[in-house]
Amino acid sequence: MATRGGAKKRKCRKDELDAGVTPPASEKPEDGESPDLISNLHPDVLRRIVSLLPTKDGARSQSLSTRWRDLFRSAPLNLGVELRRDDEPAPSSLVSRILADHRAPCRRLSLTWYGYKSGFVSPLLSHWLQSPALNGLAEFDLWQNRKENGKEYWRVPREDPYMLPLSVLRFSPTLRILSIKCTGYMIRFPSMATLAGDVHFPHLKQLTFKGLIISEGDLHGVISGCPVLQSLVLSELDGVRGIRINSSTLRRLGVCTDLRDAPEEMLQEVIIEDAPLLEKLLLSGTDEELSIRVICAPKLDFLGSLPEGFSKTKLETTFFQRTSVASLMSVVRTVKVLILRMSPPSADDAIDFVTFFPCLEKLYAVLYRDVASKRARHHFPLDYIECFELHLKKIVLINYHGTKRDVDFARFCLLNARVLQHMEFATRLPSHRKKCDPKWLDDQLTKLQLDNIASQGIQINFAGDSYFGDEIHIGDIHNLAAADPFDRSLCRCHTVDFL
């Protein structure tokens, strides 16, 4: 930061800058003064910078200098607040004060609630959403959570969910991101029947619904009202048994059916009827009873995780049913990344899947041991398998314990994948983490017999906490720049906000 002398000089420049006059490039800082190039930017640019900062950092910018003092209150508001029940009434009064005092409109509103009861949240949220400061809101993120850092608050009974204020729909003309998530709670989405007409989200590109009670008709009404939607996450919804996707813009779809309290309400069917741009189909908490039908998704390149028991026969008869042979072949050959849940690890299953998806480049196998062991293949196939010969470059074995079955499966992959470049063994379970010592690692490397493998120069590594089963961060699903949203080495998420 500049010295006091430099601050006086910038104060003289303030009127010029406010008038849009840029100081001469030839002006140099005084001796001993560090150049403050950021403060020399036009006020509109500085307000844009401040609006992108987290709320606390944006507010602290007022103390930098006189030049920055009024920027925060006149910049578009990026309001992100974590509210904890134990700290009340300070958190809620702070939000109310900011919304009342801020002179510029709010660009983003992110509210994370920990441990609040619905009787407190509902009226307060309704009051905030009516604030004129939120007119033109572009991003709205609501996350109500019963857990924080291992501390678990009470759980709102399923028979007593609170209604999401109808006023949230007043932002539909301007929203670009809408995220409503509940962990341990249930929020009831307002019924469209109470509205005079359909709701349209003409600019919405990201949509997340998690832990909501919503009717199937209302859900499809919301989705159909999003003409530019690019990424969609639907997790643990109550009241929806079937999802039909018809979108010319959708690129990513994440679905989780894990609703343990009401198994009769679980999602039973996902139909991709027409999604010409869909690239990633991410599944979590699914079982083999879920019916998935892909009728039109010619650009699908990422699939998973497929549950245990989802065999090749299941794929042929259920996953792509009602699909023509020509369309089937085009869809299957586009898939480059596959996540499998295998219980137990089976060479037979691996052969089935790499044959069905011949152009796979990455295979994530999540290993479980909770069903009876299948008969192992006694010798490796002699037939040509395109995936093993030409394409498969990376394999990640998650929950690897180093048992004989695990080693046999890893050996099968190493002996047959001829262009394999990287193989990772993720040994996450606490009971096995202590085994990742030099002696255990040397023993595993000996069992793998790396001197006798199909691909030379392969990189082998063992990691302790790189993967958490087949869980996928919601933020990575929405990150369109991430070619592989499951790759933990690329993940920069700081929360446990999983699909």
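The values are calculated or read from the model by the stated rules, or taken from the named source; none is laboratory data. Remember, predicted model here, so these are calculated numbers, not experimental data. Cβ: placed from backbone, ideal geometry, glycine included. Neighbour counts: every protein chain shown. Areas reflect the complete protein model, heavy atoms only, side chains present, ligands, DNA and RNA absent. Shrake-Rupley method; radii C 1.70, N 1.55, O 1.52, S 1.80 Å.
Using modelled amide H (1.01 Å from N, peptide plane; none on Pro or chain starts), what sits under 5 Å from the amide H of MET163, excluding residues fewer than 5 places away?
Amide H neighbours of MET163: ARG188.
Once you list every other residue whose beta carbon is under 11 Å from the beta carbon of LYS404, what net charge do they have if Lys and Arg are +1 and Asp and Glu are -1?
+1
Between LEU340 and residues 5 or more places away or on another chain, which pairs have amide H atoms under 5 Å apart, with H built 1.01 Å from N, and which residues are they?
Correct list: LEU306, TYR364, ALA365, VAL366.
So, by mean Cβ neighbours within 10 angstrom, what's the order for 246-256, 445-455, 266-276 with the highest one leading?
246-256, 266-276, 445-455
Using a Förster distance of 51 Å, how high is the FRET efficiency between SER224 and ARG60, based on the Cβ-Cβ distance and rounded to 0.05? Before the final figure, lay out the partial values.
Working: r = 43 Å, r/R0 = 0.85.
Once rounded, the FRET efficiency stands at 0.75.
Kindly rank 222-228, 349-355 from highest to lowest mean number of other beta carbons found within 10 Å of each residue.
In descending order of packing, they fall as 349-355, 222-228.
Once you wrap a convex hull around the alpha carbon atoms of the stretch 173-257, what is its projected area averaged over all directions, in nm²? Working shown, then result.
Numbers: hull surface 21.1 nm².
If you wrap the Cα atoms of the stretch 173-257 in a convex hull and average its projections, you get 5.3 nm².
For ILE271 and GLU82 in one chain, what is 0.36 nm times their gap in residues minus the Cα-Cα distance, to one decimal in nm? Please list the in-between numbers first.
Details: separation 189, 0.36 × 189 = 68.04 nm, distance 3.67 nm.
Computed gain between ILE271 and GLU82 is 64.4 nm.
Given a 1.4 Å probe and every protein chain left where it sits, what share in percent of the accessible area of the stretch 36-85 is carbon and sulfur?
Carbon and sulfur atoms account for 55 percent of the accessible area of the stretch 36-85.
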